[in-house]
Structures are given as C-alpha cells and as structure tokens.
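Below is one structure, written out as structure tokens, with a few remarks after it.
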Amino acid sequence: MADFKFDNIDVNKITTGYFQVALQNAGAKIDELEHGIKAQGLLQPIGVAKSKITEESDDYEWEVLWGQRRHLVFMRLGHKTIPAMVLDKVLTKEEGMAYALQENIARRDMSRKDIYDAIKLIWIQFGDEKKCADEAGIPLPLVRDALKSEQVNRLKNGRAIYEHATNECGLPAATAHKILDNVKKADNVSADLRKGKKLAKVLSVEDVQMRNKILKAAQNTPDGDVDGWVTDAKNMKSYKKRTIELIENEDEALKELALSLGSSPEDVLKDLVLEKLSSDGFI
C-alpha cells in the first residue's frame, strides 16, 4: 500500500468521524468483535492518516481511515497502543473517504446507502465518473449506480423525465435512469425533455427485449431521434441467450442488488457484463 507504513500507535492519540463512511450500524457487533480480538488478537491493522481535525488539535495526532470499531475495542480493553497502517500525510475529507470506502467495500462492512452517499461526496471532488472510479479505486459500475439518483436532481429536466417515465408510463426506475442517460445533452447539465418523454412513452408499450434494443440503438446513435432508434431496433438481430448458475446466497445477493437499483436480476447481470466488455475494449 503506497506511502503507508506499519506502526503501533497510541490509542488515545486517535480520533474518529471525519473520514467515516460507514454510518449505518457503525457500532454493530462490537461485542462479537471484542470477543474475537480477545481470543485471537487483532488480525488486521486499522488505517490512519492526518486530517484537518488533527492538524488543529492538541490532543489527537491521527484520524481513523478504517477500523473504527477495532479502535473502539482496543480502547474498551485498555490497550495503550494499536497496530496501524499509517499515512503520514494530511488528507482532504474526500481523499480520506476514498481510502475508507475502498477498505470497507472490500470487507463488506457498509450498507449500500452508506456506499452511495460516500461515492457522491467523492464525486464532487473529481466531477467525472471514470476519474472518480480510478482515483478512489472504486468499480466504475458502482460509481454510476450511486450517481443515478444524483443525476435525476442534477440535470435540468432530469426530475421531470424520471417522474414521467416511472409515474405516468409505469417504467421501472432502472429504465428511467437509462432514458436519462440517452437524452442527456452534451453539456452534461440538461436533458432533452421532449425526447425523454417520447422515449418513455415508446418504451412503455414494448416488451423487455424490444425496450433493450431501443435503448441499445439510442446508445449507438446518441444524436438520433426516437423514431430512428425504434427503426434501428427493429432491424437488430435477435439476442443470444446465456444461462448462468448461482448458489442460493449468490442469487439472494443478486436479487437484493436488483431491488436496490429498481431493476431486475437479469438486467443487472446484463449491465455488469456489458460494462466489463466495454471497459476492457471488447465492444
């Protein structure tokens, strides 16, 4: 881990909260964690760096990046020091949250809401989805999913198109977001209201396969019109079907992800595959 050095640091010189990204159930399972540390010791060091808070404090030298609960347990157990990966550098709030987010995602310690909220804050610093993903070490599909709701409110006409698609046309939230992606103007500030509403109306009377074809046609010719996209979609070759097998807990996790995105498991899988094929240059 670049620039991080291992050390045992004074538990009383550490503060928490400024870089924290896991807000929901932050103190959950603390007793179980304490029992494990008593029995086996600390298996993974916490991460710390300097922050605006520590720079202005006479009491604290380090801010927790990850391992808030581990630090709390060491305090409860009366330990004077704790093993830590130390970054001797003052980080901005967004930089610190990016480090924290990487580690918490890897450990699956965060709720999806906390992950999305943290990504939105980090995105403010970078202003670009891909740069946010690259700089923060977060998968690009996850960044895009997190920013979908932000896009609805950020784009001029975004909310009107989204509500027309979901409320008046009865389309799933995931489809409404895809409509916004395809009618977003080049300035990335506004969306074409007329085109967005027309696209939603057209999609609302089609089956899922035809919807996907029309949206694909829109991706291929972003400057085209809705009628042209429908024509292109009708001329597309039929999809090839692929089948995958998941064990029960994997399937439940997929369903949970789809539900959180307002989509179907099938569409989530398709989006993930297409994203990978695109990012790796196959399509």
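Read-outs: derived from the displayed coordinates by stated rules, not from any lab. Predicted model only: the values in this text are computed from it and were never measured. Reconstructed Cβ throughout: ideal geometry from the backbone, glycine too, with neighbour counts over all protein chains shown.
Residue exposure proxy: Glu95, Glu63, ordered by other Cβ atoms within 10 angstrom of their Cβ from fewest to most, comes out as Glu95, Glu63.
Overall form of region 155-238: oblate. Here a/c, set by the Cα gyration tensor axes a ≥ b ≥ c, is 1.5 or more, and a/b is not larger than b/c. Compare Thr92, Thr16, Thr231 in a GNM of the chain, Cα atoms joined below 10 Å, and give the one with the largest fluctuation. Looking only at Thr92, Thr16, Thr231, the largest GNM fluctuation is found for Thr231. With neighbours defined as other Cβ atoms within 10 Å of a residue's Cβ, the residues Arg69, Arg242, Arg76 order from fewest to most as Arg242, Arg76, Arg69. Between Gln44, Gln20, Ile214, the Cα set farthest toward the positive side of the dipole of the chain (charges on each charged residue's Cβ, about the Cα centre) is that of Ile214.
With each run of n ≥ 4 DSSP H residues scored as -39500 (n - 2.57), what mean residue ellipticity at 222 nm is computed for the chain after dividing by its residue count and rounding to the nearest 500 deg cm²/dmol? Don't jump to the answer; show the numbers that get you there.
Details: 14 runs with 157 residues, N = 283.
It comes out at -17000 deg cm²/dmol, rounded to the nearest 500.
Given R0 = 30 Å, the distance between the Cβ atoms of Glu275 and Ala39 translates into a calculated FRET efficiency of 0.10. Taking Lys234 as the anchor, which aspartates and glutamates have their alpha carbon closer than 18 Å to its alpha carbon, excluding any fewer than eight residues away along the same chain? Excluding near neighbours in sequence, the set is Glu206, Asp207, Asp225. Count Lys and Arg as plus one, Asp and Glu as minus one, and take only other residues whose Cβ is under 10 Å from that of Tyr116; the net charge is then 0. Neighbour counting of Cβ atoms within 10 Å sorts the residues His71, His79, fewest neighbours leading, into His79, His71. In terms of its alpha-carbon gyration tensor, region 5-144 comes out oblate; a/c meets the 1.5 threshold, while b/c is at least as large as a/b.
Computed over every Cα-Cα pair of the chain and binned at 10 Å starting from 0, the pair-distance distribution P(r) comes out as 6, 23, 28, 20, 13, 8, 2, 0 percent. On the basis of the beta-carbon distance and an R0 of 25 Å, Phe6 and Arg76 show a calculated FRET efficiency of 0.60. Length available on full extension from Gln125 to Glu256: 0.36 nm per residue minus the Cα-Cα distance, which gives 44.2 nm. Beyond 32 Å in Cα-Cα separation lie the following of the pairs Lys197/Lys237; Lys197/Lys255; Lys50/Lys255; Lys50/Lys185; Lys38/Lys148: Lys50/Lys255; Lys50/Lys185; Lys38/Lys148. With each label modelled as a point 7 angstrom along the Cα→C-beta vector, the Glu163-Asp207 pair spans 3.4 nm.
When the chain is treated as a GNM with alpha-carbon contacts under 10 Å, the residue of Lys93, Lys237, Lys80 showing the greatest mean-square fluctuation is Lys237. Between Arg194 and Arg112, the C-beta separation translates, for a Förster distance of 41 Å, into a calculated FRET efficiency of about 0.75.
Which shape class, rounded, prolate or oblate, goes with region 124-283 when its Cα gyration tensor gives a ≥ b ≥ c as root eigenvalues, a/c under 1.5 marks rounded, and past that a/b bigger than b/c marks prolate?
Rounded, because the longest to shortest axis ratio a/c is under 1.5.
Counted over the chain, the DSSP beta bridges are approximately 55% antiparallel.
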